[in-house]
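Each remark here refers to the structure printed beneath this line.
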């Protein structure tokens, strides 16, 4: 049976992590379909059809789908699900909100944040903030799986799957979208950036984050933060890297003024190269860093920025 | 309106967990256990509703072995009015917990259920959404701010790009994110008082709920260890390593 990937999108294109979800799906079955539900989402459906490995795109239109309210999307997925062996979503804030609602309506379990597909019914997923890896097997007829995008390669574009219309489900009428307060940034998105510059409590103020912005811009990097920095109000919540925030795995992760609590390490320890800048040489971040430099970040960061600028 | 909060007993967030030698799970013997931190936020939010006159009673629910009574006592010491424990030594997965919660909701008829968005042991992030589905209720997940007014709830949610505001009909299930509030500590007098508050103990069978696990854990392993690297003395040295050794800038 085929696999259904449920794609989040902005109306124009599906999210970048849908390409990762498609790759994960192809490891469960070779026949992969993508559901694009939206309001005026023709372009997004086309972008899904262009992903290699996708056999068919199902496109459902309804005003209720414009803002990804779980109460409205879930019944549609539930209606389509019986034709599939798996329903797959990226484990982002949409997938985490919608997938469990679908699973419960189907009376099946969900495998959260799979990092590896061992076989079509067996998956590896991190537990305890990634301090243990569980291999779990699902006996359910339909398997609901959210996948951690950083652990699956993005499917290439250049495909040309057929786009088929499917009827919308009746709107639930339980919830309405009021508005969004999204962080505006020209920088690369955190979870897909090649380089991430991340700051912690050591920055001591939101004002001081400007220094990291300068370094990030010189490197073409995304900007992240520890929970401590978000809780202190230095930066918005969507900067948070860690167990309960975002998981990143860039080529280079520069942790600045971050002590390295296990909850933070859970979100970044799969990075290829890790740099730690901290004045406390005992900070746990140094235990995972490839290159550590002990000292005053207020001196080191401008020096590093200057070095990058000169290159 | 009654508010039901769910509290889970988990290994304390400060404990460095150890995988069992036989790879069947994680060592829990002689390990400090606490209330899941997100559930503390759930309890706090319910208590604030009661203090504002929006809630009449706060009921703390837990499911699991007899020791979960301690977790419920913690919620009672924070200020919850009474507890409900569905006691079982069997493994409980999120769908089973959601079904147990639904059975208790059917009995208690709360106007709002608040749960943590995720438990820090299995990191599933499922139970609240599943409960909302089973009840046919709306869901306000990853709540950063909650306002109750006129039969509905305004929820500010933490999402990938920042924050999002939704308005949902009551009754509803709310799942808490970190910035919703800062949970209070229980005072000594309140800890003493909590000892006298009632905890009702129920059995899954009596609620008519099948709690059989759907996922079989085949093995639990240590993650690959990252080796500590080197310390460099100067920024010039760091830059040179990043450029020529790691090749990342």
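Just a few scattered comments:
- Residue within the range A:197-212 that is crowded, with 24+ Cβ neighbours inside 10 Å, within 13 Å of another protein chain (Cβ to nearest Cβ) and touching a strand residue (DSSP E or B) at 6+ places or on another chain (Cβ under 7 Å) present: yes
- On the stretch given as the range B:173-183, residues that are assigned to a strand (DSSP E or B) and surrounded by fewer than 24 Cβ atoms within 10 Å (Cβ to Cβ) total 0.
- Residue B:238 being within 24 Å of the chain's Cα centre (by Cα), at pLDDT 95 or above and under 27 Å from residue A:277 (Cα atoms): no
- If you go through the range A:97-116 and keep only what is within 20 Å of residue A:20 (Cα to Cα) and out of contact with any strand residue (DSSP E or B) (no Cβ under 6 Å at 6 or more places or on another chain), you end up with just A:98.
- Hits in the range B:202-249 - residues which are in contact with a strand residue (DSSP E or B) (Cβ under 8 Å, 6 or more places away or on another chain), more than 9 Å from chain A (Cβ to nearest Cβ) and loosely packed, with under 15 Cβ neighbours inside 10 Å: B:203
- Residue in the range A:95-104 that is surrounded by fewer than 23 Cβ atoms within 10 Å (Cβ to Cβ), more than 8 Å from chain B (Cβ to nearest Cβ) and under 21 Å from the mean Cα position of the chain (by Cα) present: no
- Helices (runs of 4 or more DSSP H) lying entirely in the range B:37-149 (those with 3 or more residues that are facing chain A (nearest Cβ under 8 Å) and in contact with a strand residue (DSSP E or B) (Cβ under 6 Å, 6 or more places away or on another chain)): B:127-135
- Test: residue in the range A:119-126 that is more than 10 Å from chain B (Cβ to nearest Cβ), surrounded by fewer than 22 Cβ atoms within 10 Å (Cβ to Cβ) and out of contact with any helix residue (DSSP H, G or I) (no Cβ under 7 Å at 6 or more places or on another chain): yes
- Filter result for residue A:285 (surrounded by 24 or more Cβ atoms within 10 Å (Cβ to Cβ), outside any loop (DSSP other than H, G, I, E, B) and over 24 Å from the mean Cα position of the chain (by Cα)): no
The values are calculated or read from the model by the stated rules, or taken from the named source; none is laboratory data. Predicted model only: the values in this text are computed from it and were never measured. Ideal geometry is used to build each Cβ from the backbone, glycine not excepted, and the neighbour counts take in all protein chains shown.
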